[in-house]
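Below is one structure, written out as structure tokens, with a few remarks after it.
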Amino acid sequence: MSQLFLIVAAFLGATGVMLGAFAAHGLKSKLSESLLSAFETGVTYQFYHTLALLALALWLKQTTSGWFVASGYLWIAGVILFSGSLYALALTGIKWFGPITPLGGLLFIAGWISLFIGAIKLGAVS
């Protein structure tokens, strides 16, 4: 599982850089300030969870935990729904992408809670 998460983290990191550059150089003059801000929020949260997934992939080389694996999958799904919906909203202006964003946020939260539970079960908190 750690190899899959490492590959996905590398992909998300590379696309995060590309999307951030695209926003800064290609979209700045084409989008309203609020849509550009939404796009940039998507990039920011993609990066946060890319770094978390990278750390998790490395940690999973040392230990196995179903809770940790669940965290990785939840974060990946969160990036797709949260960041993806913000990208789609900003680029298309279609408002119905907006309600998808909170679902991605819930997946991010669920991933962090799963990590928390996994850490407790490993004995991180005694």
Worksheet item: Given the conditions (1) within 18 Å of Leu4 (Cα to Cα); (2) buried (at least 16 other Cβ atoms within 10 Å of the Cβ), which single one is not true for Glu40?
Response: (1)
Practice prompt. Kindly indicate whether any position in the range 48-63 is buried (at least 16 other Cβ atoms within 10 Å of the Cβ), over 20 Å from Ser2 (Cβ atoms) and hydrophobic (A, V, I, L, M, F, W, C).
Written response: no
Worksheet item: Scanning the range 8-37 for residues that are farther than 17 Å from Leu74 by Cβ and of a type in the set (Val, Ile, Thr), which turns out surrounded by the most Cβ atoms within 10 Å (Cβ to Cβ)?
Response: Thr15
Discussion item. For the range 104-122, give me each residue that is farther than 24 Å from Ser85 by Cα and assigned to a helix (DSSP H, G or I).
Written reply: Leu115, Phe116, Ile117, Gly118, Ala119, Ile120, Lys121
Discussion item. Within the range 107-123, does at least one residue satisfy the condition of being out of contact with any helix residue (DSSP H, G or I) (no Cβ under 7 Å at 6 or more places or on another chain) and under 16 Å from Leu35 (Cβ atoms)?
Written reply: no
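Could you please let me know if Trp75 is within 30 Å of Leu35 (Cβ to Cβ), of a type in the set (Phe, Trp, Tyr) and at pLDDT 95 or above?
Against the criterion (within 30 Å of Leu35 (Cβ to Cβ), of a type in the set (Phe, Trp, Tyr) and at pLDDT 95 or above), Trp75 qualifies.
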Worksheet item: Give me the pairs: first residue in the range 1-19 and at pLDDT below 95, second residue buried (at least 16 other Cβ atoms within 10 Å of the Cβ) and not small (Gly, Ala, Ser), beta-carbon distance under 6 Å, and six or more apart or on different chains, which are they?
Response: Met1/Leu60; Met1/Val69; Ser2/Leu60
Worksheet item: Within the range 85-109, which residues are under 15 Å from Leu74 (Cβ atoms) and buried (at least 17 other Cβ atoms within 10 Å of the Cβ)?
Response: Gly104, Leu107, Phe108
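The values are calculated or read from the model by the stated rules, or taken from the named source; none is laboratory data. Since the model is a prediction, treat every value here as computed from it, not as a measurement. Positions of Cβ are generated from backbone atoms using ideal geometry, with glycine treated the same way; all protein chains shown enter the neighbour counts.
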